[in-house]
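A quick write-up on the structure given underneath.
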Amino acid sequence: MIQGDKVTLRAIEPADVPLLWQWAQDEETMRFRDYPTPPSSLALAEKEYADYVLDKSGCTLRLAITAEDGRLIGDVALRSIDERAGSAIFVIAIGDKSFWGHGYGSDATRCMIKYAFKQLNLHRVTLYVHSFNSRAIRVYEKCGFRREGIIREGQYMDGEYSDILIMGVLRREFEELERRNLPLAA
């Protein structure tokens, strides 16, 4: 378990899968989701979970995000963990919309990135975010991420193409934020 100010990150349990899958079917949630396309059925989601639990490659660390009362509110992951390169790709989804805009995503992001650098000894963490997702971009920038590039018209949504920003943070940048005691999350 990883404890933050507002959230706890813990292992995903079989009982979490139906709710995570339900959120992945929600159009509004999916609009901002930085995860790959979700499984098309609950049965496939449960199989994916079983495969994930049995996968010992260590390439993905996916955790549940719970609020202070223990309620599941989303999930967070480091994907494509490459120990040799010291890198990973960060993804997050707050599925329970009642927790949007209250600092839970910021706290979960800060916790996972701190874990990536302090426990996994990574050098950099990358993420991809829709260019129109200004709320998420602000959170990521507060946590030390910088805009590094753009995938022009990389996503087709609502009948048009939109850009995807590539953002990254290096361990030394994140540590500098901590040393200066700057707020890492809103």
(Q) If a residue must be touching a residue at least 24 places away in the same chain (Cβ under 8 Å), surrounded by fewer than 18 Cβ atoms within 10 Å (Cβ to Cβ) and within 12 Å of Met112 (Cβ to Cβ), how many such residues does the stretch 68-88 contain? (A) 0
Q.
Contact list please: Cβ distance under 6 Å, first residue in the stretch 1-27 and of a type outside the set (D, E, K, R), second residue exposed (fewer than 13 other Cβ atoms within 10 Å of the Cβ) and part of a strand (DSSP E or B), pairs at least six apart or on different chains.
A. none
(Q) Among the listed residues Ile81, Ile113, identify the single one that is under 12 Å from the mean Cα position of the chain (by Cα), of a type outside the set (Ser, Thr, Tyr) and over 24 Å from Leu19 (Cα atoms). (A) Ile113
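Every residue, every condition in (1) out of contact with any strand residue (DSSP E or B) (no Cβ under 8 Å at 6 or more places or on another chain); (2) part of a loop (DSSP other than H, G, I, E, B); (3) within 17 Å of Ser80 (Cβ to Cβ); (4) among the charged types (D, E, K, R), yes or no:
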site	(1), (2), (3), (4)
Arg110	yes, no, no, yes
Tyr128	no, no, yes, no
Arg135	yes, no, no, yes
Val139	yes, no, no, no
Arg172	yes, no, no, yes
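Would you say Leu120 is assigned to a loop (DSSP other than H, G, I, E, B), of a type in the set (A, V, I, L, M, F, W, C), within 20 Å of Asp75 (Cα to Cα) and touching a residue at least 40 places away in the same chain (Cβ under 8 Å)?
Considered against the rule, which asks whether it is assigned to a loop (DSSP other than H, G, I, E, B), of a type in the set (A, V, I, L, M, F, W, C), within 20 Å of Asp75 (Cα to Cα) and touching a residue at least 40 places away in the same chain (Cβ under 8 Å), Leu120 comes out as yes.
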Q | Complete set of residues in the stretch 107-131 that are small (Gly, Ala, Ser) and crowded, with 24+ Cβ neighbours inside 10 Å | A | Ala108, Ala116
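Only the coordinates and a few stated rules stand behind these numbers; no lab work does. Not measured: the values here are computed from a predicted model. Reconstructed Cβ throughout: ideal geometry from the backbone, glycine too, with neighbour counts over all protein chains shown.
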